[in-house]
Amino acid sequence: MAADGTVDWWCPVRFDAEPLLTRLLDPAGACVRVGPQTPGRPPVGTQRYVPGTLVLRTLLPGPESLVEVEDLIPWDGGTASGRLVRRLRVLRGPADVVVEVIPGAAGGGLARDVSVWDEGVAFDGALVRCGLPMTVASVPPPAPARARRRLAATAGVRLDTGEELVVTVDPPGRAGGPLSPGAAARLADRTATAWRRVADSVAVTGRYGPPATRSALVVRALAGAAGAPVGAPTTSLPRVVGGERNTDGRLVWPVTAAAWARASMASGLTEEADAALRWLVAALDHEPPLPACLDPDGGAPPSEAHRSTLAGWRRSQPVMCGSDAPDRPSAEPGAAALGAAARLAAGPAGAAVLARWDRVVAHADWLADHWTAPDASVWDLRGPALGWTAARLAARAALVAVAAEARRRRPLDLDAPGWHAAAGDIERWLLGSGVGPGGVLRAAVGGSGLLDGPVDAALVRIAAWGPWPPGDPVVHATLTRIVAMLGHGPWLHPYPPELDDGLAGTEPPSVTATLWLTRALALAGRWDEAHQRMESTVALAGPLHLLPESVDAATGHPLGNRPASAAHVAFLEAALALADAPS
């Protein structure tokens with residue numbers, strides 16, 4: 001929801017559904033605005049969440065009034081219907097308020113099948129109900145939108161102080177009945193109670209406990225009913241404005257899902273950890289190597305396609321749907337899923353792990369046989385495949401964990417010795433060829449001299465994964481060199497700007513990489529450096545604590561899809577590492 005009271009992005013029911021409200025990616029796109037009637041542009045208000053919840057309140061000033069719009073998707077802890085409920089209350093009146101609907105077609109473009117009646121408007125199966133008669137007119141698009149006229153359905157009413165208006169937006173085929181102000185208030189209370197149950201379960205102490213709880217709520221929302229969080233609820237918010245570094249965030253990355261399973265368990269969210277682990281184990285039904293991303297149900301994502309019906313955020317093209325990342329294999333998704341399954345198998349989801357143990361065996365055998373294979377890295381690079389050291393760190397950690405779990409279940413397990421031996425081979429490579437001049441890790445093998453140093457931000461995970469302890473000189477030297485070579489103020493580039501990643505332009509600093517570094521510095525006892533980066537990240541997140549994929553290091557502005565689950569999971573992990581740190 002934008003700060004002017006506009007819902008400008010909405011994919012009904014599923015994060016990866018065709019969007020029906022699209023103004024976020026096209027100034028002429030569909031939207032639903034509720035707020036005070038004002039001349040000219042709608043006023044920009046201030047926003048906050050109801051404490052401990054994801055119920056959003058936007059305070060909007062009128063010419064001589066003040067109104068509050070409360071937005072929620074009703075939820076009782078089960079499966080949400082996808083309905084959007086908007087409650088407008090006049091805090092200081094009287095106020096002339098307006099409901100404005102710009103209808104559109106699924107996926108963008110001009111509206112189809114628009115019908116208006118005395119309570120609202122329907123378009124392309126969606127239903128907006130406000131209980132007021134609406135009028136329809138053809139209006140010009142806002143500059144600099146494409147030169148096409150749009151339909152606008154509007155309704156207005158004058159309300160006194162304390163009076164309310166309820167607007168509902170229903171997905172196609174799921175229209176609910178009208179809501180009275182009292183019924184909407186009860187829905188809001190039940191939804192707030194459900195979110196507070198999640199928030200109250202988060203056990204993260206220290207100065208970053210409150211924002212870590214907020215991160216946990218964000219990721220829980222992005223996980224939905226599936227259990228594994230999508231990368232973001234948006235697509236194609238650019239990492240370079242006006243450039244082509246645009247991706248569809250509405251898919252699930254197993255690396256992030258595995259990190260969420262571990263972090264949610266460590267922070268007290270056992271049900272969330274159980275759901276994420278069940279998703280990961282089910283994903284192992286794919287033949288190895290596990291794809292870099294999957295759809296929310298764990299199936300193959302649609303192939304990468306461009307949406308020409310949407311102009312793009314500030315004309316940033318292409319607008320993406322789907323992903324070709326599974327065509328660029330990496331060892332890290334499978335390693336992440338295996339590691340999470342092995343480490344959490346003794347918990348509530350242990351039965352799910354045992355039920356698919358044959359798939360665990362298949363993926364572990366593949367990893368043991370292919371750990372030297374070049375791949376696209378955890379950053380899904382479109383350039384030449386390389387033998388990334390970070391992928392070998394992940395493979396070793398996963399094989400150690402799965403071998404230990406196999407022996408815990410059955411001391412004479414016949415698969416465990418092979419996995420243990422492969423982990424030993426990787427460790428010997430890391431201790432030997434993996435360490436370069438100055439006692440720092442090499443980024444990759446098979447590349448140019450550019451990658452001979454620690455120029456991959458994913459290497460900072462050495463502090464958590466070993467084989468060296470966090471205080472080892474190799475860990476400290478690697479972290480120090482990565483900061484020197486990839487750092488930009490408090491932020492961290494994922495890899496050198498001059499690296500061929502198959503895209504035009506330069507990749508900006510990554511918020512996830514920065515938080516991986518923050519956690520590593522905390523584990524290594526470098527508290528001041530960790531606090532500096534954590535404070536910068538808190539400031540970037542803003543009052544709503546919504547972290548993006550990337551950041552413009554020069555301006556501090558967020559870039560990329562937002563909120564990014566990988567960044568929020570990494571924030572939670574960093575907060576856990578700093579929980580007992582000196583302030």
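The values are calculated or read from the model by the stated rules, or taken from the named source; none is laboratory data. All values reported here derive from a predicted model rather than from experimental measurement. Note: ideal-geometry Cβ built from the backbone for every residue, glycine included; neighbour counts use all protein chains shown.
When the stretch 19-60 is limited to residues that are within 18 Å of the chain's Cα centre (by Cα) and assigned to a loop (DSSP other than H, G, I, E, B), the one that is farthest from residue 100 (Cα to Cα) turns out to be 53.
Can you tell me how many residues in the stretch 169-208 are within 20 Å of the chain's Cα centre (by Cα) and in a helix (DSSP H, G or I)? Residues in the stretch 169-208 being within 20 Å of the chain's Cα centre (by Cα) and in a helix (DSSP H, G or I): 3 in total. Here the condition is being at pLDDT 95 or above and outside the structural domain of residue 82 (by TED's automatic domain parsing); of 182, 162, it holds for 182 alone.
One line per residue, one yes/no per condition, for (1) aliphatic (A, V, I, L, M); (2) surrounded by fewer than 17 Cβ atoms within 10 Å (Cβ to Cβ); (3) closer than 16 Å to residue 573 by Cβ:
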{"residue": "510", "(1), (2), (3)": "no, no, yes"}
{"residue": "535", "(1), (2), (3)": "no, yes, no"}
{"residue": "543", "(1), (2), (3)": "no, yes, no"}
{"residue": "546", "(1), (2), (3)": "yes, no, no"}
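A quick yes/no check of all residues on (1) assigned to a helix (DSSP H, G or I); (2) surrounded by fewer than 22 Cβ atoms within 10 Å (Cβ to Cβ):
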position: 460; (1), (2): yes, no
position: 464; (1), (2): yes, yes
position: 471; (1), (2): no, yes
position: 476; (1), (2): yes, yes
position: 496; (1), (2): no, yes
position: 500; (1), (2): no, yes
position: 513; (1), (2): yes, no
position: 516; (1), (2): yes, no
position: 520; (1), (2): yes, no
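Considering 82, 77, the condition of being under 24 Å from residue 126 (Cβ atoms) and modelled with pLDDT under 95 is satisfied by 82 alone. Scanning the stretch 524-557 for residues that are over 28 Å from residue 221 (Cβ atoms) and either in contact with a strand residue (DSSP E or B) (Cβ under 7 Å, 6 or more places away or on another chain) or not in a loop (DSSP other than H, G, I, E, B) (or both) gives 527, 528, 529, 532, 553.
Within the stretch 261-277, being part of a helix (DSSP H, G or I), among the polar types (S, T, N, Q) and surrounded by 24 or more Cβ atoms within 10 Å (Cβ to Cβ) holds for one residue alone: 264. Does residue 127 fit the bill of being within 30 Å of the chain's Cα centre (by Cα) and among the hydrophobic types (A, V, I, L, M, F, W, C)? The answer is yes for residue 127.
When the residues of the stretch 490-510 are filtered to those that are among the aliphatic types (A, V, I, L, M) and farther than 17 Å from residue 246 by Cβ, the one that is modelled with the highest pLDDT is 492. Identify the residue in the stretch 563-581 that is surrounded by fewer than 24 Cβ atoms within 10 Å (Cβ to Cβ) and assigned to a loop (DSSP other than H, G, I, E, B) and, among all such residues, is nearest to the chain's Cα centre (by Cα). Checking each candidate, the answer is 579.
One line per residue, one yes/no per condition, for (1) under 25 Å from the mean Cα position of the chain (by Cα); (2) of a type in the set (D, E, K, R):
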| residue | (1), (2) |
| --- | --- |
| 446 | no, no |
| 452 | no, yes |
| 458 | yes, no |
| 467 | no, no |
| 470 | no, no |
| 485 | no, no |
| 488 | yes, no |
| 500 | no, yes |
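For the stretch 438-458, the candidate set comprises residues that are touching a residue at least 12 places away in the same chain (Cβ under 8 Å) and surrounded by fewer than 14 Cβ atoms within 10 Å (Cβ to Cβ); within that set, the residue that is nearest to residue 496 (Cα to Cα) is 446. Looking only at the stretch 94-110, residues that are assigned to a strand (DSSP E or B) and within 27 Å of the chain's Cα centre (by Cα) come to 0 in all. Taken together, the residues in the stretch 205-234 that are under 30 Å from residue 20 (Cα atoms), surrounded by fewer than 20 Cβ atoms within 10 Å (Cβ to Cβ) and of a type in the set (Ser, Thr, Tyr) amount to 0. Residue 266 passes every criterion in (1) more than 17 Å from the chain's Cα centre (by Cα); (2) under 29 Å from residue 107 (Cα atoms) apart from (2).
Selection within the stretch 193-204: residues that are within 12 Å of residue 77 (Cβ to Cβ) and out of contact with any helix residue (DSSP H, G or I) (no Cβ under 7 Å at 6 or more places or on another chain). The member of this set that is surrounded by the fewest Cβ atoms within 10 Å (Cβ to Cβ) is 197.
Matching residues to (1) surrounded by 24 or more Cβ atoms within 10 Å (Cβ to Cβ); (2) over 22 Å from residue 463 (Cβ atoms); (3) charged (D, E, K, R):
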| site | (1), (2), (3) |
| --- | --- |
| 531 | no, no, no |
| 540 | no, yes, no |
| 549 | yes, yes, yes |
| 561 | yes, yes, no |
| 583 | no, no, no |
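Annotation note: Cβ proximity below 6 Å between a residue of the stretch 68-79 that is free of Cβ contacts under 8 Å to residues at least 40 places away in the same chain and a residue that is crowded, with 20+ Cβ neighbours inside 10 Å and not aromatic (Phe, Trp, Tyr) (sequence gap 6+ or interchain) occurs for 68/89. Of all residues in the stretch 330-353, at least one satisfies being buried (at least 21 other Cβ atoms within 10 Å of the Cβ), touching a strand residue (DSSP E or B) at 6+ places or on another chain (Cβ under 7 Å) and at pLDDT 95 or above. Which of the residues belonging to the stretch 85-97 are modelled with pLDDT of 95 or more and either crowded, with 20+ Cβ neighbours inside 10 Å or not assigned by TED's automatic domain parsing to the domain that holds residue 135 (or both)? Residues satisfying the conditions are 85, 86, 87, 88, 89, 90, 95, 97. None of 239, 245 is surrounded by fewer than 24 Cβ atoms within 10 Å (Cβ to Cβ), out of contact with any helix residue (DSSP H, G or I) (no Cβ under 7 Å at 6 or more places or on another chain) and assigned by TED's automatic domain parsing to the domain that holds residue 569 except 245.
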